Amino acid sequence: MLLVAQLAFGQFSDEQLYMAYMSSDLTLWGQYIDAQDWKTLSHPQRLRLINYEYGYIPVLADQKRMEEAEHYLLQFNDHLAQEQPHMPKATYIAYLSASHAYAYLLDKSKIFSEGMQSFKMAKQALQTDPNNPIALTLKGNVDFYAPKLFGGNKKQAMQLFLQAENIMLNDTTFRYLWNLPAIQLCIAQCYEKSGNKAAAIQQAEKTLRQHPHFSYIRQTYLPQLKQRNE
């Protein structure tokens, strides 16, 4: 009853949102984002909301919910513009890089505009602060997914992912933030795509020990990985 009352008033804890991520059902994320009154939020609360918007948009795109993804992308951009003076410069540039990447994700014809701008800004964010975990994550993802022709580099992506993971593991604020298990999954996938399936399995198992409720790794990714490794 207490949980229902909290949700009704828009009070969503990071632990609740983390468990939603663990279950691969981000319905609660959408409810949290929609329940927020931007004008009344403090600056830390606004930064928190932006981080969840950043994680929510690509999930919607992956589910082919393009109109919703476009709606939240416009909202994400508006929030970024308003909150820019109150966030670290590297974080702002990294989120802006993500925005361009999402615009490309929603319209693949924009590879030479949005896609290349995302690549450029991811590099700029990391140059601004080489130890910013959001910037490291963004640059790692860009390096991982971009074709070699456009500067993609899985070896470099792995180094950035590992650095981001180390920073998050040593910062208690990431204990219930989705960013940590997400980057740990990226590391496993990077090992896999680089041809080191044994290391990918080891990383996936390590991630499960830290996040035992991570249903995608437990039920889908790790079983399929082990089957391909036989």
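The values are calculated or read from the model by the stated rules, or taken from the named source; none is laboratory data. This is a predicted model, so every value here is computed, not measured. Because the Cβ atoms are built from the backbone with ideal geometry, glycine has one as well, and the counts that use them run over all protein chains shown. Note: accessible area is taken over every heavy atom of the protein model, side chains too, but ligands, DNA and RNA are not part of it. Shrake-Rupley method; radii C 1.70, N 1.55, O 1.52, S 1.80 Å.
Observations on the structure shown:
- Complete set of residues in region 138-188 that are assigned to a loop (DSSP other than H, G, I, E, B) and in contact with a Gly (Cβ under 8 Å, 6 or more places away or on another chain): Ala146, Trp178
- Flag for Arg228 being at pLDDT 95 or above, basic (Lys, Arg), open to solvent by 20 Å² or more (accessible area, probe 1.4 Å) and part of a helix (DSSP H, G or I): no
- Here Asp25 clears all of (1) open to solvent by 60 Å² or more (accessible area, probe 1.4 Å); (2) closer than 19 Å to Pro181 by Cα; (3) assigned to a helix (DSSP H, G or I); (4) not polar (S, T, N, Q) except the condition numbered (3).
- The single condition from (1) within 30 Å of Gln45 (Cβ to Cβ); (2) exposed (fewer than 15 other Cβ atoms within 10 Å of the Cβ); (3) not small (Gly, Ala, Ser) that Cys186 fails is (2).
- Long-range neighbours under 8 Å by Cβ, at least six apart or interchain, first residue farther than 15 Å from Tyr21 by Cα within region 56-70, second hydroxyl-bearing (Ser, Thr, Tyr): Ala61/Tyr102; Ala69/Tyr102
- All conditions but one from (1) within 18 Å of Leu17 (Cβ to Cβ); (2) modelled with pLDDT of 95 or more; (3) open to solvent by 10 Å² or more (accessible area, probe 1.4 Å) apply to Arg218; the one that does not is (1).
- Criterion violated by Leu208 - all others in (1) surrounded by fewer than 20 Cβ atoms within 10 Å (Cβ to Cβ); (2) of a type in the set (A, V, I, L, M, F, W, C); (3) assigned to a loop (DSSP other than H, G, I, E, B) satisfied: (3)
- Region 126-137, residues that are assigned to a helix (DSSP H, G or I) and open to solvent by less than 50 Å² (accessible area, probe 1.4 Å): Leu126, Pro133, Ile134, Ala135, Leu136, Thr137
Per-residue answers, yes or no, for (1) over 27 Å from Gln224 (Cα atoms); (2) among the basic types (Lys, Arg):
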position	(1), (2)
Gly115	yes, no
Pro130	yes, no
Ala135	yes, no
Phe144	no, no
Leu149	yes, no
Lys155	no, yes
Glu165	no, no
Lys193	no, yes
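- Counting only residues that are open to solvent by less than 30 Å² (accessible area, probe 1.4 Å) and either farther than 17 Å from Pro130 by Cα or polar (S, T, N, Q) (or both), region 156-176 holds 1 of them.
- The number of residues in region 190-205 that are free of Cβ contacts under 8 Å to residues at least 12 places away in the same chain and open to solvent by 30 Å² or more (accessible area, probe 1.4 Å) comes to 3.
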